[in-house]
Structures are given as structure tokens and as C-alpha cells.
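Below: one structure, written as C-alpha cells.
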């Protein structure tokens, strides 16, 4: 229950901060532009195929519109969200406000869950503000709503992974910029892993990368393995953050 | 039952021992001053008592409960103001205090917050952002968050530092008023006259060890300088007094007034001898500051 108070304080602080609004503005502008481009590109391709019925190539919503749009959103958030998460703990460590939480009857796990829920509330608001694109597609085309929902859920889950990772980086240092760099570097590493698929005969690396799991989901494939990946990723970094806070008592 | 009970408490940071086998007891309702130079181990001890820091050895109990084994119950009983008040500068005073009250488990935060706002004199700034407040008001907000859940024990780390004399007096009065109730207060400060004004007792730390824990009057009289007034100041009196083991120096101020410097507390013996020469007065010439400096005068070069 107390985690919800922490979450409430966190989301209010994010919505009251300059960085919160910079992220909302940047994401809304770029995501909106990409949506227009994706729709324009899809329409262009569609006209092209109609004009040449015997030309090679196929066109479907998933591959040619939804996947480019949702994967771009996730990619952009991969680099944008560490800007939000960097302050979660670093700011408290720098201002020495964490002492209020540490001396209150609330466990370190509740603190971590509260911070995570707060940041995810912000992400949910951010994605909801940009939900007009999928809504427009649902209203104006015959696309399966489940595809849109899965795509949005995929972006949300990828964001949750980045938030948990960014939060762990933030708990590791009182320097916000350092927390940002650590989180960005890790996010970049997760992205590069996808590119290394060809070199990796064992397939372990590609299993660690976010993109393949996201791709399945965006195509409407709800797989237990993908869901486990997201869940394990988030739980791992939440527990790492909790451990970092617990260690502070002994240093 | 003692409200704060510390036994053989030690804390090491790597190879450095910040506190070394501390033991002391504070009874319910006492207002105790916690003294020591910078680095003596005051903050470390206070943070262990609040549950924010783990001890390397020994036990600390609040209200009979071990801090390590019952952290949640202990934290609910303790109010803590760290040296740097944990204030969110982007929140208004009222919103911050409600948040603190909820974290500390206050069932009905609204009336509790309004009461504490009145109690520490924050009514005029309650709607303002904490970041825009003066240092004195910020300190009051810090105290307000420490007492918003009506704790049984209040631990204040340097609540008077960086304040001007008027602000210092205000905060001092707030603390004294709190201690008039049933709250047990442990207060550290370098402003010794303030401690003298409000504390019942002091615990003095030096290099992580307790070097004294007693009433301020006793502490000041222990060793140091005492003043005597004799009705019949004969030279024989001066000789006898000089010969008492523990009298280091005797200065005759004339008209029966004598100043004695003592190496340890031999007041009882002085009184016994002086009665024969019509003892009119025996009092300590030291204040808390003199006693503090005497107890903590280890040169820095001898520190670990």
C-alpha cells in the first residue's frame, strides 16, 4: 500500500519536471511524424501494388505499418526513458532525501516497486497521449483490434524493461548523468545483440535481445516465452535495485 | 523500561571504527544532548538507532524492541531529523508533510498534518514550495516531518546548525516544548549553550567512545575549576586546600574568594576541609563548553 504513495509522489514529480515534459514533447512529435510517414508509406506501397498487379511483393498491416511504427516507438523509448529513470534514485541520493524513505516503516522492496509503478504510470500517460494513431487505424481500417492492442502492449512492456534497467542504474550512483550513460549503454547493448544474431551460432545472444520478443508480440503472437522474457527482465532489475538499496545500510 | 538502550554498539567503515563499543540508556521523557567533535560517531549512532544503518556489533533497542529485528515497528516509533533535512524541494510544505505522514503510517494524515503545521509554526508557508523557503523554515519542515506521526522517540541531528540566533531560539523552544510531553529526545549539536538551556543530561562521545554521560551540572563540576568563598580565610586554609590530592592550582582572589583547578572531582574533600574555615560557598566555575573541551581534548594527531 505504501508503495502506491511512493508511486504517487514519483509520477507527480515527473509530470512537474522539465525533463518529464521534454520527453512527452519529443516523443509525441517524433512518434506522430513516424506514424504519418508509416501510413503514407503504406498507402504509397498499396497504390504501387494496385497499379502493378503482377509485380512481386505483398502488403499487410502487420509487416508494413504496425511493426515499423511500434518498433520505432520502442526504439525511441529505449533512448528516451533513461532520461526519466535517471532521477529516480540519483536525485534522492544527491539531495539526501532517501533518508526519509529509509527511516520510515517501509521496506526497500516497497520503495523500489513504488518508484517503478510511478515511472510506469508516467510511461502509460505518455503512451496514452500517443494512442491516437492506433485509434485512428482502428476507426478507419479493418485491422484486427487485437493486433493494435498487442503492438501497444509490446511497446509498454519494452518500456517497463527499460524503466527497470534505468532504475537500477539510477540506484547505483548519485550522478544523474552517469546513471543516464549507464542505462543508455546497456540499452544500446541490448539493441546490438539483435545485430549479432548472424554471428551467434548458439542463439543465446538473440534470446537476450528485446527486439525479437517485441516482434512476436506486435504480430499478435502471445507466447509464454516472450512474456517470461519481459517478466524475468523486469524482476531481475527490480531485485538488483532492491539489493543496491539494502547494501546501503551496511556501507 | 528504558526508551533507548544501546549496548556495546560498534560500527566499522572498512578498517575505520566509527563507533567502538558504545553503551548508554535513555529513560522515557528524557531530553538528552549528544555531544562530540565532528567525526566522534554521533551521526553514525543516530542513524543506527533509526534503522537507516546497520551496526557491525552490539545491540540497539528502542522501546524494548531490537532495531535490527523489528525495523518496521521501531521506525514507526522514531522520528528523525538528519543533519541535512530530507526535503523534496518541488513539493509544497503541506503536500510533503502529508506524504511523510502516509509513509510513517498515520491513518488520518490530514488532521495530523494540520496539527503539526500549527505546532511548529508553518501555517504562513504551508502552501509554498519547500525550495522557496528560508533555511529556518526548511528546518522547521524537517522537524515537522519527524514528529508528524507523534513518535515516542525523537532523534535530531544538528537541528540548530546554520541558523541565525533568532531561528536557533525558535527551534530550541519547539524542541523543548516537544520534550515537555512524553517524547524522549536525543539531540546532537555543537551549540552548547542551547544544550545547557534545554537538556537534562548529556552523553559525550570522543573517537567513537562514550567519555561521559551525566547531568550537565555534574559534568561541569567533574574536574575543572571550582570557586570557594570562606568566612575565615586564614593562610592555614590555603595550605590545607593546596595539599588535597587533586588540587592542581589555587588562586587567592582576596576577601575569602579562592579559585581552585582540579584534576578530578574532589569537591567532597574540599568541602570537608573548608567547613573548618566557615565555608560560605562552593560552586563550579566551568560551564558545559569547558567540560566538553576537557573531555574531548585528544589532539587530532593521536586520532586513529
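The values are calculated or read from the model by the stated rules, or taken from the named source; none is laboratory data. Predicted, not measured: the structure shown is a model, and the values here were computed from it. Don't worry about glycine lacking a Cβ; one is built from the backbone with ideal geometry, like all the others, and counts go over all protein chains shown.
Could you check the stretch A:64-113 for helices (runs of 4 or more DSSP H) lying wholly inside it with 2 or more residues that are within 14 Å of chain B (Cβ to nearest Cβ), farther than 24 Å from residue A:236 by Cβ and over 17 Å from the mean Cα position of the chain (by Cα)? I'd like the intermediate steps shown before the answer.
Numbers: elements: A:67-80, A:82-95, A:98-102.
Qualifying helices (runs of 4 or more DSSP H): A:82-95, A:98-102.
Can you find a residue in the stretch B:226-243 that is touching a residue at least 40 places away in the same chain (Cβ under 8 Å), assigned to a strand (DSSP E or B), in contact with a strand residue (DSSP E or B) (Cβ under 7 Å, 6 or more places away or on another chain) and farther than 16 Å from residue B:274 by Cβ?
no
Does residue B:219 satisfy the condition of being closer than 18 Å to residue B:282 by Cα, at pLDDT below 85 and crowded, with 17+ Cβ neighbours inside 10 Å? It would help to see each step written out before you state the result.
Working: closer than 18 Å to residue B:282 by Cα: yes; at pLDDT below 85: yes; crowded, with 17+ Cβ neighbours inside 10 Å: yes.
The answer is yes for residue B:219.
From the list B:146, B:112, exactly one residue is more than 18 Å from the chain's Cα centre (by Cα) and either in a loop (DSSP other than H, G, I, E, B) or closer than 27 Å to residue B:27 by Cβ (or both). Which is it? Steps first, answer last, please.
On the way: B:146 fails: more than 18 Å from the chain's Cα centre (by Cα).
Answer to the selection: B:112.
Residue pairs, Cβ under 7 Å, 6 or more apart or interchain, first in the stretch A:43-56 and in a loop (DSSP other than H, G, I, E, B), second surrounded by 10 or more Cβ atoms within 10 Å (Cβ to Cβ) and at pLDDT 75 or above. List them.
Final answer for the pair search is A:55/A:49.
Which helices (runs of 4 or more DSSP H) sit wholly inside the stretch A:143-251 and have at least 3 residues that are away from every other protein chain (no Cβ under 14 Å) and at pLDDT 80 or above?
Values: elements: A:145-172, A:176-195, A:204-208, A:210-218, A:224-248.
Correct list: A:145-172, A:176-195, A:210-218, A:224-248.
Only one of these is within 11 Å of another protein chain (Cβ to nearest Cβ), in a helix (DSSP H, G or I) and surrounded by fewer than 21 Cβ atoms within 10 Å (Cβ to Cβ): B:131, B:105. Name it.
Working: B:105 fails: in a helix (DSSP H, G or I).
B:131 is the lone residue from the list that is within 11 Å of another protein chain (Cβ to nearest Cβ), in a helix (DSSP H, G or I) and surrounded by fewer than 21 Cβ atoms within 10 Å (Cβ to Cβ).
Across the stretch A:1-57, what is the total count of residues that are farther than 24 Å from residue A:141 by Cα, away from chain B (no Cβ under 14 Å), modelled with pLDDT of 85 or more and exposed (fewer than 15 other Cβ atoms within 10 Å of the Cβ)?
Of the residues in the stretch A:1-57, 3 are farther than 24 Å from residue A:141 by Cα, away from chain B (no Cβ under 14 Å), modelled with pLDDT of 85 or more and exposed (fewer than 15 other Cβ atoms within 10 Å of the Cβ).
Looking only at the stretch B:171-195, count every residue that is part of a helix (DSSP H, G or I) and surrounded by fewer than 17 Cβ atoms within 10 Å (Cβ to Cβ) and tell me the total. Lay out the reasoning, then the answer.
Initially, the stretch B:171-195 is screened for residues part of a helix (DSSP H, G or I), giving B:171-180, B:192-195.
Retained after the next criterion (residues that are surrounded by fewer than 17 Cβ atoms within 10 Å (Cβ to Cβ)): B:173, B:176-177, B:180, B:193.
Number of matching residues: 5.
Check B:78, B:89 and return the single one that is surrounded by fewer than 17 Cβ atoms within 10 Å (Cβ to Cβ), in contact with a helix residue (DSSP H, G or I) (Cβ under 7 Å, 6 or more places away or on another chain) and touching a residue at least 40 places away in the same chain (Cβ under 8 Å). Break it down into steps so the answer makes sense when it comes.
Values: B:78 fails: surrounded by fewer than 17 Cβ atoms within 10 Å (Cβ to Cβ).
Matching residue, one of B:78, B:89: B:89.
Among the residues of the stretch B:56-67, are any in contact with a strand residue (DSSP E or B) (Cβ under 8 Å, 6 or more places away or on another chain) and facing chain A (nearest Cβ under 10 Å)?
yes
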